[in-house]
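Only one structure is covered here, and it is reproduced in the block below.
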Amino acid sequence: MSQPSPDVLPEADHHRPWTKGRIATHVFLAVMAVLWLFPLLYAVLASLRSYQYTAQHGYLSFGGFTFSNYVNAWRIGDFGPKFVNSAIITIPAVILTLLLASMVAFVIARFNTRFNQIMLALFLAGNLLPPQALLIPVFKMFQKMEVPFWVSDSGTLLNTHLGVILVNVAFQVGFCTFVLSNFMKALPKEIYESAMVDGTSLWRQFWTLTLPLCRPSLAALATLETTWIYNEFFWATVLLQSGDKFPITSSLTNLAGTFFTDNNLVSAGSVIIALPTLVIYFALQKHFVAGLTMGATKG
């Protein structure tokens, strides 16, 4: 007897019953989604309204819509050069972090020795220290480190984008190494045994075999790291001393007035700053979700 086609399976096989538990779960998730989206939606709404209208009618009113806040925020906040500075810091930092972390994770996953486990613990221990506790040592170290004149006019890493890139890489490599090493340990050992039989070198095993299999986790980490490094302002404040080198997150301070602050203008600036991370997330959403859920169903 032929088996029924999947297209004609009973309705109960296609749709789960709406139990009380399932309804409660969906209600809870909907409420949490609204709570998470409310600040963003409120900022977008405020950015599209004029300050004069909201000052007269309040923020709970409806009307006074305009796009002038975005034009003024871009001009007053000097967003153009600041976006370039953020790109100069974020793109190399993310690439270098993932490259170094993937190399370290490959060694830890392929050679499970006590020394490698100690190294992984040291990487993770570095992430447990608050950045504020390392402010003075890092500042003094960068003040003493000499670099070529084409990197810095002062001859040190202070007030250079390279310094901000290096400190971000140093603080992010540990977390990425931990995630990637766990992912690589879950890869089948048979593929490496076959590669070794074929005489494949360790470098080729890493570059042509392991990295392609780690694309979901690399995409998820790239999304997270881009968001974290792009929004990071602490080390930029400590290590950069020239206003023309500050990242985009510093532009919001230019929108705050001395005696009063136009919240509509600040909201427009916040939306502009958030756009790149939102675009990156939606572009990598498929790989991001796959990277986070990879291995969730493995026993």
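Please treat every number below as a calculation from the coordinates, not as lab data. Quick caveat, the model's predicted, so the values are computed rather than measured. Ideal geometry is used to build each Cβ from the backbone, glycine not excepted, and the neighbour counts take in all protein chains shown.
Roughly speaking, what is the stretch gain from Ala24 to Ala121, that is 0.36 nm per residue apart minus the C-alpha to C-alpha distance, in nm to one decimal? List each step's numbers first, then the result.
Values: separation 97, 0.36 × 97 = 34.92 nm, distance 4.06 nm.
Extra length from Ala24 to Ala121 when fully extended: 30.9 nm.
Projected onto its three principal axes, the C-alpha set of the range 164-220 covers 43, 19, 16 Å, listed from the longest axis down.
If you build the convex hull over the alpha carbons only and average its shadow over all orientations, what do you get for the range 78-254? Give it in nm² to one decimal. If you can, show how the numbers build up before the last one.
Details: hull surface 47.8 nm².
The orientation-averaged projected area of the Cα hull of the range 78-254 comes to 12.0 nm².
In a DSSP loop and with at most 10 other Cβ atoms within 10 Å, the chymotrypsin sites (Phe, Trp or Tyr not before Pro) in the range 138-218 are Phe149, Trp150. Here the chain is described by how far its Cα atoms reach on the three principal axes: 74, 66, 29 Å, from widest to narrowest. Taken about its Cα centre, the chain carries a charge dipole of about 420 debye when Lys and Arg each add +1 at the Cβ and Asp and Glu each add -1 at the Cβ. By the Stokes-Einstein formula, at 1.002 mPa s and 20 °C, the range 129-175 with its Kirkwood radius over alpha-carbon pairs has D equal to 190 µm²/s.
Per residue, the convex hull spanned by the Cα atoms of the range 198-273 amounts to 135 cubic angstrom.
Short-range pairs are left out: with C-alpha atoms under 8 Å and at least six residues apart, the relative contact order of the chain is 29 percent. Between Ser201 and Leu40, residue separation times 0.36 nm minus the direct Cα-Cα distance comes to 53.0 nm.
Pairs over the 30 Å Cα-Cα cut-off, from the set Lys144/Lys245; Lys82/Lys144; Lys189/Lys286; Lys245/Lys286; Lys82/Lys140; Lys82/Lys185: Lys245/Lys286; Lys82/Lys185. Determine which residues of the range 77-115 fall in the zone a paramagnetic label at Ser242 would reach in this model, i.e. backbone nitrogen under 16 Å from the point 7 Å along Cα→Cβ. Hits in the range 77-115 for Ser242 at 16 Å: 81-86, 88-89. Close amide H partners of Thr156, meaning residues 5 or more places away or on another chain with modelled amide H under 5 Å apart, are Val147. Amide H neighbours of Arg49 under 5 Å, at least 5 residues apart or on other chains, H built in the peptide plane: list them. Amide H neighbours of Arg49: Thr66.
Considering only Lys140, Lys20, Lys189, the Gaussian network model of the chain with Cα springs below 10 Å gives its largest mean-square fluctuation to Lys20.
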